Amino acid sequence: MWYLNLNFYMKTLEEGMAFVLLAMGVYITFRILDFADLTVEGSFPLGAAVAAKSIVSGLNPVLATIFAFLAGCIAGMITGIINTRLKIAGLLAGILTMTSLYSINLRIMGKSQISLFRKPRIFDGFERIFGSDYGTLISLIIIVFIVKILLDFFLHTEFGMSIRATGDNPVMIETLGINTDFIKIFGLALANGMVALSGALFAQYSSSADVQMGMGMIVVGLASVIIGEVFVRTSKIPFATSGVILGAVLYRFAIAVSLRLGFDATDLKIVTAVLVIIALGAPSLRRFLIQDEFAEKLLEEVDEDA
Amino acid sequence: MLKLENIHKVFNYGKVNVNHALNGVDLSLSEGDFLTIIGSNGAGKSTILNIVAGTYTPEIGRVVVDGKDVTRWPTHKRASFVGRVFQDPLRGTAAEMTIEENLSLAYMRGKRRGLKLGLNKKRRDEFRERLSWLGLGLEDRLEDPVKLLSGGQRQALTLLMATLGEPIILLLDEHTAALDPKTAEQIINITRRIVEKNKLTVLMVTHNMKQALEMGNRTIMMDKGKIILELQGEEREKMTIGELVKKFSEKSGQELTDDRVLLAKE
Ligand SMILES: Nc1ncnc2c1ncn2[C@@H]1O[C@H](COP(=O)(O)OP(=O)(O)O)[C@@H](O)[C@H]1O
Ligand SMILES: [Mg+2]
């Protein structure tokens, strides 16, 4: 049976780890900056495209991955500038960048798909140390945790705190001397850099980059963040980012299990979307139900009085 | 110290709902002046504060602070010399962040923020001391998120934050109006002490006539974007609330319509 097979867990955990930084990027925009950023759909394949193209051109995979991160930063920056300087709504700004990125990604790759089969990967060094069975997983875990720890630290610095405050209360932080436009641009750059990094890791992990691979990534990121929040309910940063890691991995497992149970891969997107709708809509839904309950009680009381 | 010269602020210029919110306001404050501002709803009181804070830029006129023309400076650039408290306690603090994190944000007012940790032992000690000075017991709750605080506690914290980092001007916009009377009084007392301690120049909007005459050393009354009465010195000391309300009807040709003002007469 598949669920008794260690390989199933290993593979799914690896995939989950490759997607953690996507979720982390979405966490930064959606939860910290309070900005629904669709750039993600373009910056994920952008990271994959830049890394893949660099690697097949003979560049060191570590450098290729760093380039992918930087490319993602630029993408986020552009969304930020469109939003803050040109005053175009955040959602639309993201869509505009995402749409442009589709063309750019095709230009970078020169075709719609690049295979990285038997090409050098960022995991190679670790595989030499830890063996080919565990090398990939261990290297992914190391990369994810380095990023997590750096992010945790960063968000507690003077500068990082002002990013959190910008999402929390922009009016207030402006009166304390922060240019919130700059902070938004910076935050979007950082977030999309991480998303592109995730794209670069996933391309190397799956040995291929594809222009279509960004589709639905925003929802995947949101679902991961939300699942994480079910288990870790706090705004304390180190716990919250741990929650994001957990959420991304659990999401992958949910998907993998559904596939094994015979769900059609093409139906999974709507399942994920509905999950996100329910999770994000829960507070309103609850209020609605409570209202009904309240009305019933009130009615009873009125009846008793009569 | 602070000069407003012939300030005009027009909203929706060229549209049917054009609104001349400030219509030629001149005001000059010296260091240490404490100005109270009264007037009916929509008179332009908040707009004056917004002009000083940089939230709005006037169409005509100049804002001068310590000899520098800051008329076109954005809000964040003015933070180094302006602290501000709004009416709504929720507006002055970051709810999800802790008390000490909020204080740290204010501590760096107008300064470059780098990659140093925002909190360390030295800062925590200082924050604890400043909080205990408020006398609300907040010094034992440094790590609580601000959303757990009551309105009054939040407003006290906002006052503290608005005066951290050495601003020289403090703007208070009906900052006790959303609080119950007892809490409001507590906040007013803290306001007096904090202004005294930090030697600030203050502009305070209030709908409480008694407060307007008792606090500070100067008072202006506004109507339809204009200053219609200025009080200071002996004339101000002799002024009573009844007389002030009468003066308003005389000058503006109408009754003082803000019911909150009337309620606060007693
Ligand atoms: N951002 C804005 N856009 C349009 N009109 C505004 C704006 N801010 C204030 N006003 C208008 O300017 C006038 C003065 O407002 P305000 O200064 O808030 O009055 P108050 O004395 O009650 O504080 C009001 O008529 C108000 O509707
Ligand atoms: Mg007002």
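Give me a count of the residues in segment A:29-64 that are hydroxyl-bearing (Ser, Thr, Tyr) and either under 14 Å from A:Ser207 (Cα atoms) or modelled with pLDDT under 95 (or both).
Of the residues in that region, 1 qualify.
Quick one: what pairs do we get from segment B:27-55, first residue more than 14 Å from ligand 1 (Cβ to nearest atom), second charged (D, E, K, R) and assigned to a loop (DSSP other than H, G, I, E, B), C-beta under 7 Å, 6+ apart or different chains?
From segment B:27-55, the pairs are B:Gly32/B:Lys199.
Which residues, counting only those in segment A:70-92, are open to solvent by less than 60 Å² (accessible area, probe 1.4 Å) and in contact (Cβ under 8 Å) with a residue 40 or more places away in the chain?
A:Ala71, A:Gly72, A:Cys73, A:Ala75, A:Gly76, A:Thr79, A:Gly80, A:Asn83, A:Thr84, A:Gly90
Name the single residue, out of those in segment B:6-40 being within 12 Å of ligand 2 (Cβ to nearest atom) and under 18 Å from B:Thr219 (Cβ atoms), that is nearest to the other protein chains (Cβ to nearest Cβ).
B:Ile37
Could you list all residues from segment B:102-131 that are facing chain A (nearest Cβ under 9 Å) and open to solvent by less than 10 Å² (accessible area, probe 1.4 Å)?
B:Asn102, B:Ser104, B:Leu105, B:Ala106, B:Arg109, B:Gly118
Looking at the structure I just gave you, is A:Ser115 in contact with a strand residue (DSSP E or B) (Cβ under 7 Å, 6 or more places away or on another chain) and within 28 Å of A:Ala209 (Cα to Cα)?
Taking the combined requirement at face value, the residue satisfies it.
Could you tell me how many of the residues in segment B:69-79 are within 11 Å of chain A (Cβ to nearest Cβ) and surrounded by 17 or more Cβ atoms within 10 Å (Cβ to Cβ)?
Adding up the residues that qualify gives 4.
With the condition being farther than 18 Å from A:Ala48 by Cα and more than 14 Å from chain B (Cβ to nearest Cβ), I'd like the helices (runs of 4 or more DSSP H) fully within segment A:96-171 carrying at least 3 qualifying residues.
Answer list for segment A:96-171: A:124-130, A:135-154.
Every residue in segment A:231-267 that is out of contact with any Ser or Thr (no Cβ under 6 Å at 6 or more places or on another chain), assigned to a helix (DSSP H, G or I) and more than 28 Å from A:Asp168 (Cβ to Cβ), please.
Matches in segment A:231-267: A:Ala254, A:Ile255, A:Val257, A:Ser258, A:Leu259, A:Arg260, A:Ala265, A:Thr266, A:Asp267.
Take the conditions touching a Gly at 6+ places or on another chain (Cβ under 7 Å), away from every other protein chain (no Cβ under 14 Å), more than 16 Å from ligand 1 (Cβ to nearest atom) and at pLDDT below 95 and apply them to B:Lys199. Does it pass?
yes
For B:Gly83, state whether it is buried (at least 21 other Cβ atoms within 10 Å of the Cβ), at the interface with chain A (Cβ under 9 Å from one of its Cβ atoms) and either within 21 Å of the chain's Cα centre (by Cα) or away from ligand 1 (no atom under 16 Å from the Cβ) (or both).
Against the criterion (buried (at least 21 other Cβ atoms within 10 Å of the Cβ), at the interface with chain A (Cβ under 9 Å from one of its Cβ atoms) and either within 21 Å of the chain's Cα centre (by Cα) or away from ligand 1 (no atom under 16 Å from the Cβ) (or both)), B:Gly83 qualifies.
Would you point out the residue of segment B:136-159, among those that are open to solvent by 30 Å² or more (accessible area, probe 1.4 Å) and aliphatic (A, V, I, L, M), that is nearest to the chain's Cα centre (by Cα)?
Per the criteria, the residue is B:Leu136.
The values are calculated or read from the model by the stated rules, or taken from the named source; none is laboratory data. Treat the numbers as computed from the prediction; the structure is a model and nothing was measured. Don't worry about glycine lacking a Cβ; one is built from the backbone with ideal geometry, like all the others, and counts go over all protein chains shown. All accessible areas refer to the heavy atoms of the entire protein, side chains included, with ligands and DNA or RNA removed. Shrake-Rupley method; radii C 1.70, N 1.55, O 1.52, S 1.80 Å.
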